[in-house]
Amino acid sequence: ITDLFFALDLPNGAVITQIEALYKDNSSVFSFQSNSLVNLERRSLNNNSFSNMLGSTGLLLSSTGTSSLVQSSSTNNISYSTIDNDNYFYNLSVLLFVNNANNNWTVNSTNIKFLGVRIHYDTDRLD
């Protein structure tokens, strides 16, 4: 199991239109389990309340191995999609579970990789 956490800094008023996770699985031994996921959280600056902007299951990742191509999972079903930096801050978390067909827990990172997350958004701001 691997947990990754990132703080997000998006322009105030931007509207998130899509979240896309990118990964590679070119291993016949390892694969991302279907409960691997990406979450996008909106947290209040005033209290401990938060909302998962990608629903209760987040963005699920799945792979079957032996593909040299970059794979992706994406969604445009995003709650609270307008960024409000005056009242909230935003976190991205990634939870990876890796299946192992041979019970050898040394993962060869050249064959199975989480590459990153692409956040698509629109804004009226000119920077």
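Taking the stretch 71-84 only, how many residues are open to solvent by less than 60 Å² (accessible area, probe 1.4 Å) and within 15 Å of PRO11 (Cβ to Cβ)?
Adding up the residues that qualify gives 3.
Is it fair to say SER72 is modelled with pLDDT under 75 and outside any loop (DSSP other than H, G, I, E, B)?
Spelling it out, it is not the case that SER72 is modelled with pLDDT under 75 and outside any loop (DSSP other than H, G, I, E, B).
The rows are residues; the columns are (1) more than 19 Å from VAL117 (Cα to Cα); (2) of a type in the set (Asp, Glu); (3) in contact with a Ser or Thr (Cβ under 6 Å, 6 or more places away or on another chain).
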residue: ASN46; (1), (2), (3): yes, no, no
residue: LEU59; (1), (2), (3): no, no, yes
residue: SER63; (1), (2), (3): no, no, yes
residue: SER73; (1), (2), (3): no, no, no
residue: SER79; (1), (2), (3): no, no, no
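Which numbered condition in (1) at pLDDT below 80; (2) part of a loop (DSSP other than H, G, I, E, B); (3) not β-branched (Val, Ile, Thr) is the only one that ASP86 fails?
Unmet for ASP86, out of (1) at pLDDT below 80; (2) part of a loop (DSSP other than H, G, I, E, B); (3) not β-branched (Val, Ile, Thr): (1).
So, in the stretch 100-127, exactly how many residues are in a strand (DSSP E or B) and either modelled with pLDDT of 80 or more or open to solvent by 70 Å² or more (accessible area, probe 1.4 Å) (or both)?
Residues that pass the stated criteria total 10.
Which condition number in (1) within 16 Å of the chain's Cα centre (by Cα); (2) assigned to a strand (DSSP E or B) is the one that SER56 fails?
Of the numbered conditions (1) within 16 Å of the chain's Cα centre (by Cα); (2) assigned to a strand (DSSP E or B), the odd one out for SER56 is (2).
The values are calculated or read from the model by the stated rules, or taken from the named source; none is laboratory data. Computed from a predicted model, the values in this text were never measured in an experiment. We place every Cβ from the backbone using ideal geometry, glycine too, and count neighbours over all the protein chains shown. To get the accessible areas, we keep the full protein, side chains included, count just its heavy atoms, and leave off ligands, DNA and RNA. Shrake-Rupley method; radii C 1.70, N 1.55, O 1.52, S 1.80 Å.
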